[in-house]
Structures are given as structure tokens and as C-alpha cells.
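Take a look at the structure set out below.
The values are calculated or read from the model by the stated rules, or taken from the named source; none is laboratory data. Here the structure is a predicted model, which means the values were calculated and not measured. Cβ coordinates were reconstructed from backbone atoms using ideal geometry, including for glycine residues, and neighbour counts include every protein chain displayed. Ligands, DNA and RNA are stripped out before the accessible areas are found, and what is left, the full protein with its side chains, is counted by its heavy atoms. Shrake-Rupley method; radii C 1.70, N 1.55, O 1.52, S 1.80 Å.
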Amino acid sequence: MNKVLFVTHVNKDPSSGVWKKVLAQRDAFKQLGFSVDLVYENHNSLIIDSESGKAAYPLRHRYFIFYTLSKLITVSYDFIYIRKPHGGLYPLFFSMVISKVKKTNPLSNIVMEIPTYPYNKEHTGWKGYLSNLLYKLSLLFYRKHIEEILYIGEGPDKIYNIKARKISNGVNLERVKCIMAEKKKSEPFIFAGIANLMFWHGYDRLINSISNYKGQHAIKCYIVGDSEPELTRLKALVQELNVSDRVIFTGRLIEQQIQELLKSVNVCVDALGRHRSGNNFNSSIKSKEYTAMGMPFIKSHIDDSFLDDDFFVFQVDANENEIPIDEIIEWYKSLPDDFPLRARLAAEERFSWEEILRPIFPYVRDQK
């Protein structure tokens with residue numbers, strides 16, 4: 001059995017979409033016939049989750065995760081799947097991991113995923129600048145070993161002069177269940193946004209629109225997440241606009257709580273401000289989850305994994321204009337009563353991680 005080392009510095013968090021994605025990709029590798037060693041962080045420890053169990057190694061600091069990993073690699077891996085090291089000083093020791101992998105097995109095939117491309121404006125301020133600079137410098141030491149770049153967004157045929165391939169985000173259909181049975185017909189009309197809150201989620205656009213809404217419908221919006229500094233910024237805006245009775249912050253919720261909340265929700269909210277990060281092309285994880293759950297949603301970015309006739313998606317402008325609430329309500333009313341099941345079917349046909357990852361690995365490419 002071919003063996004995969006799946007390298008991340010993602011912190012285990014059951015409420016995080018990124019963590020759910022990592023687990024879904026790990027499960028897809030297994031479905032494709034690989035033995036997988038997954039690397040992640042949990043409670044300031046490096047975790048290596050393998051077929052034989054989990055092993056934890058204390059870290060002096062979270063930025064030492066790749067230094068520690070490089071000292072632990074003794075197994076020969078056929079494939080290395082890397083989630084791009086980013087943020088803070090994580091890239092500092094990453095070349096040591098690649099060097100150790102290649103020393104153990106010079107024939108290892110190494111693939112790197114860039115979860116958002118381009119990424120330069122995703123993190124702002126001097127910390128973001130320093131992190132990007134450190135990443136570019138560290139890349140010089142291991143770039144020659146990377147066989148292929150996988151990216152999500154809009155990019156060229158080559159990145160860092162390495163062959164690049166565009167992929168989309170997917171969903172673990174075994175874990176994400178269809179929630180809705182039929183269209184909700186009572187008021188108030190409820191929106192819900194679920195995210196590790198960032199400025200490019202653009203929830204402030206919806207808050208401002210709710211504040212200015214003069215229509216005949218009662219409107220409510222739930223914001224699920226607790227990431228700073230965006231949470232504080234949004235709460236201050238809600239207080240300033242005096243809409244705390246219509247915009248409710250739930251904090252972070254676990255999966256079961258989210259499912260219960262969504263039973264009362266009409267329309268979910270994907271990102272409404274990706275244009276702020278300099279990249280309006282994105283394959284959002286959240287939109288794939290909404291689809292699998294049978295929830296209609298709104299978004300402002302371009303995601304070509306959705307089709308023009310995907311009736312459960314409402315596209316809003318990628319700018320700072322108000323969100324057209326009455327248009328969204330009329331669109332929702334026009335949806336067929338069985339839209340949840342039809343949306344779920346679309347997810348099953350197009351958003352399986354197994355089928356997204358299959359083409360990366362030559363020996364499983366033609367096996368179905």
C-alpha cells in the first residue's frame with residue numbers, strides 16, 4: 001500500500017471549516033487506497049495521526065512544529081501532500097521537513113496545495129508582510145523538490161516556475177448531512193453566516209443592509225464564529241447601527257448546534273467581500289457544505305465549480321453596495337419546494353473530495 005504524509009500546521013478545532021477540510025481530504029486519500037499519516041497541531045503538541053494510532057510530541061512553541069517533525073520522520077513515504085505553510089514563523093523550518101523526506105526516500109512525490117491563490121493580500125499589516133516574505137525566502141530551499149502546485153482560486157499554469165493545477169474545494173459527504181426537508185415559509189426571514197471571521201467575509205455589508213432595510217419583511221441574521229479582530233469590529237457596527245435585535249452573534253458552535261440552528265434559517269451567507277483581499281475568485285469550503293446540507297446561499301465572489309443554472313445560489317455584486325434583501329426574499333420564494341434534495345444531489349455529483357483528488361495520483365487516476 002502506498003503511503004502518504006499529509007503535512008499541515010492546522011490546529012485541531014471541530015468547529016473550523018479548515019479542520020473539517022483536512023479531515024475530509026485525509027478520508028479521501030484513504031478511499032483512494034493510501035495509508036495516511038496526518039500531521040497537525042493540538043494543545044501545543046505536534047500530532048501524527050497514522051493507521052496505528054495517534055502520537056503526540058510537545059512543542060516548545062507552535063512555530064517549532066516543522067522542526068520537530070523533521071526529527072521524527074523515519075518512514076519512507078511515496079507521496080507528500082503539503083498544505084502551504086503560512087502565517088507567523090511557520091515557514092522557518094519547513095525546508096528541514098522536505099530535506100528529511102527526500103533523504104528517507106529520494107523518489108517521494110511532493111505536492112503542495114495553496115488553499116487561496118493569489119494570497120498576498122489575505123493577511124494585512126506588517127505581520128502579514130513579514131510572513132509572506134519569510135515564506136518566499138524559505139521556498140528557495142525546497143522549491144526544486146515540489147512536483148506540482150495545486151491551487152484554489154485563479155492562477156497560471158506555473159507558480160514559482162512549478163507546474164500548477166487548479167482544483168476546487170469539496171466536502172465529506174459522509175459527515176455533512178442534508179438538513180432541510182423543504183422550503184421554510186414562515187417569518188422572520190433569517191440569514192446565517194458561519195465562518196472563522198475575517199474582513200473579506202464582508203458580513204458588515206449585510207449588517208448595513210439590514211440596518212437600512214425598509215421593506216415589509218421581518219429580518220434576522222445569525223453570525224456564527226468568534227475570530228478576532230473581526231468579531232469585535234462587527235459587534236461595534238451592530239451597536240452603532242442599533243440592530244442588535246436583528247443581528248445575533250452566537251459565538252463558536254459545534255456541528256450539532258449549527259445543524260439545529262440552520263433548521264430555522266432561510267438563506268446562508270458565504271463570503272461577501274473577497275474583492276477586498278484582491279482576489280474575487282474562490283472555491284469556498286462553506287458553499288460546498290451549504291450545498292450538501294441543502295441550504296441556499298448568497299455569495300459575491302466567482303466560483304466556477306458552480307454552474308449558471310445552480311438555482312440554489314444567489315450572486316450579489318462584488319463591491320461595497322448594499323445587499324438586495326427584497327430580491328433575495330423573492331428569489332427564495334421562487335425556489336422549488338424540493339430544492340434541498342436537489343442541492344444535495346448536486347453536491348454528491350460534483351463535490352466529492354475523492355473525485356477531486358483522484359487525478360493527482362497517477363496510479364489511481366483511471367480507477368473508479
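Being more than 15 Å from the chain's Cα centre (by Cα), in contact (Cβ under 8 Å) with a residue 40 or more places away in the chain and open to solvent by 10 Å² or more (accessible area, probe 1.4 Å) is a property that Q239 lacks. One residue stands out among those in the stretch 269-282 that are over 17 Å from I323 (Cβ atoms) and either touching a Gly at 6+ places or on another chain (Cβ under 7 Å) or open to solvent by less than 10 Å² (accessible area, probe 1.4 Å) (or both): the one that is modelled with the lowest pLDDT, which is N279. Taking (1) over 23 Å from R252 (Cβ atoms); (2) surrounded by 19 or more Cβ atoms within 10 Å (Cβ to Cβ); (3) at pLDDT 90 or above in turn, G153 satisfies each apart from (3).
Among the residues of the stretch 247-284, the ones that are under 16 Å from the mean Cα position of the chain (by Cα), among the aliphatic types (A, V, I, L, M) and in a loop (DSSP other than H, G, I, E, B) come to 2 in all.
Residues I207, I223, I190: which one is open to solvent by less than 50 Å² (accessible area, probe 1.4 Å) and assigned to a helix (DSSP H, G or I)? Quick ask: steps written out before the conclusion?
Values: I223 fails: assigned to a helix (DSSP H, G or I); I190 fails: assigned to a helix (DSSP H, G or I).
Just one listed residue meets the conditions, I207.
Applying the criterion of being assigned to a strand (DSSP E or B) and in contact (Cβ under 8 Å) with a residue 24 or more places away in the chain to the residues of the stretch 147-161, the residue that is nearest to the chain's Cα centre (by Cα) is I152. Kindly evaluate I254 against the criterion of being under 18 Å from V18 (Cβ atoms), of a type in the set (A, V, I, L, M, F, W, C) and out of contact with any helix residue (DSSP H, G or I) (no Cβ under 7 Å at 6 or more places or on another chain). Yes, satisfied.
For the stretch 23-33, the tally of residues that are of a type in the set (F, W, Y) and either free of Cβ contacts under 8 Å to residues at least 12 places away in the same chain or over 23 Å from F66 (Cα atoms) (or both) stands at 0. Residues in the stretch 89-103 that are touching a residue at least 24 places away in the same chain (Cβ under 8 Å) and either over 26 Å from the mean Cα position of the chain (by Cα) or open to solvent by 10 Å² or more (accessible area, probe 1.4 Å) (or both): L89, Y90, L92, F93, S95, M96, S99, K100, V101, K102. Assess whether L231 counts as being in a loop (DSSP other than H, G, I, E, B), in contact with a strand residue (DSSP E or B) (Cβ under 8 Å, 6 or more places away or on another chain) and closer than 29 Å to C178 by Cα. So L231 fails the test. Counting only residues that are more than 16 Å from S76 (Cα to Cα) and open to solvent by 10 Å² or more (accessible area, probe 1.4 Å), the stretch 1-15 holds 7 of them. Screening C178 on (1) buried (at least 20 other Cβ atoms within 10 Å of the Cβ); (2) under 22 Å from the mean Cα position of the chain (by Cα) shows it passes everything except condition (1). Kindly check whether there is at least one residue in the stretch 109-128 that is open to solvent by 30 Å² or more (accessible area, probe 1.4 Å), under 30 Å from S76 (Cα atoms) and touching a strand residue (DSSP E or B) at 6+ places or on another chain (Cβ under 8 Å). For the stretch 109-128, residues open to solvent by 30 Å² or more (accessible area, probe 1.4 Å), under 30 Å from S76 (Cα atoms) and touching a strand residue (DSSP E or B) at 6+ places or on another chain (Cβ under 8 Å): present. Out of all the residues in the stretch 129-141, is one or more modelled with pLDDT under 85, surrounded by 12 or more Cβ atoms within 10 Å (Cβ to Cβ) and under 30 Å from F339 (Cα atoms)? Taking every residue of the stretch 129-141 in turn, none turns out to be modelled with pLDDT under 85, surrounded by 12 or more Cβ atoms within 10 Å (Cβ to Cβ) and under 30 Å from F339 (Cα atoms).
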